1. Would you confirm, using the coordinates I've provided, whether residue A:15 is farther than 20 Å from residue B:104 by Cα, away from every other protein chain (no Cβ under 12 Å), touching a helix residue (DSSP H, G or I) at 6+ places or on another chain (Cβ under 9 Å) and at pLDDT 95 or above?
2. Go through the range B:106-115 and give me each residue that's within 7 Å of another protein chain (Cβ to nearest Cβ) and either crowded, with 23+ Cβ neighbours inside 10 Å or within 12 Å of residue B:19 (Cβ to Cβ) (or both).
3. Give the residues of the range B:69-83 that are surrounded by fewer than 20 Cβ atoms within 10 Å (Cβ to Cβ) and either touching a strand residue (DSSP E or B) at 6+ places or on another chain (Cβ under 7 Å) or within 23 Å of residue B:16 (Cα to Cα) (or both), sorted by residue number.
4. Is the range B:14-37 home to any residue that is closer than 29 Å to residue A:9 by Cβ, within 9 Å of chain A (Cβ to nearest Cβ) and assigned to a strand (DSSP E or B)?
5. Residue check, residue B:23 against (1) at pLDDT below 95; (2) out of contact with any helix residue (DSSP H, G or I) (no Cβ under 8 Å at 6 or more places or on another chain); (3) closer than 22 Å to residue A:104 by Cα, all met but one. Which one?
6. Among the residues of the range B:87-104, which ones are over 14 Å from residue B:26 (Cα atoms), at the interface with another protein chain (Cβ under 7 Å from one of its Cβ atoms) and not in a loop (DSSP other than H, G, I, E, B)?
7. Which residues, counting only those in the range A:86-96, are crowded, with 20+ Cβ neighbours inside 10 Å and under 20 Å from residue B:100 (Cα atoms)?
8. Quick one: count up the residues across the range B:54-82 that are in a loop (DSSP other than H, G, I, E, B) and out of contact with any helix residue (DSSP H, G or I) (no Cβ under 7 Å at 6 or more places or on another chain).
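The values are calculated or read from the model by the stated rules, or taken from the named source; none is laboratory data. If you're wondering where the values come from, they're calculated on a predicted model, not measured in any experiment. No Cβ is skipped: glycine too gets one built from the backbone with ideal geometry, and neighbour counts run over all protein chains shown.
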């Protein structure tokens, strides 16, 4: 099992560019989430999904879009990158949500210049 | 409101010393879950333990132990006989399933174990 796979691992964007961070899991987990990690602030929830076709906003959703067309994939789209979106992004999945815990991917380090 | 405090920003110990990482939480529900995750220098997040609010038993797993005290809203993590491989950032996290699918993470404690 690969677990939760994130691509790319590193990315540099110019302000205003758009891009998609990919996330795939092979554990047939219904729940998936995106977090961003900033120094001294732990991780903060961007968007999450409780199943294919169902998504919802987290704590810091502005500037990001998600969709969940399949159980396996949960891409995160940056619409118009800003320097404030420089961060490490983690995708995570769970069989039953926050009462069970999540398995995290290895992260994508994004720099917006 | 939900909140997780990890007051120790950085800790340095010498190998074989015991070290305790503190975690204090605030919650608005009687049903909640507490977690510890480890983030080694390679960057991934590794799950260590989950504890629900109805189970105050302490837990030991090898050199790791956890002390959950509802009376003081604390969920502290102790590493016995620390090793260099324990060097990492450790995050405590709280979830309240009745209030949605969010983990509230503490800011993390960076542990350096020196040889």
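1. Judged against the criteria, residue A:15 is a match.
2. Residues satisfying the conditions are B:106, B:108.
3. Within the range B:69-83, B:73, B:74, B:76, B:78, B:80, B:81, B:83 meet the criteria.
4. Yes, because at least one residue in the range B:14-37 is closer than 29 Å to residue A:9 by Cβ, within 9 Å of chain A (Cβ to nearest Cβ) and assigned to a strand (DSSP E or B).
5. Going through the list (1) at pLDDT below 95; (2) out of contact with any helix residue (DSSP H, G or I) (no Cβ under 8 Å at 6 or more places or on another chain); (3) closer than 22 Å to residue A:104 by Cα, residue B:23 breaks only (1).
6. Result: B:91, B:97.
7. Of everything in the range A:86-96, those that are crowded, with 20+ Cβ neighbours inside 10 Å and under 20 Å from residue B:100 (Cα atoms) turn out to be A:90, A:91, A:92, A:93, A:94.
8. 10
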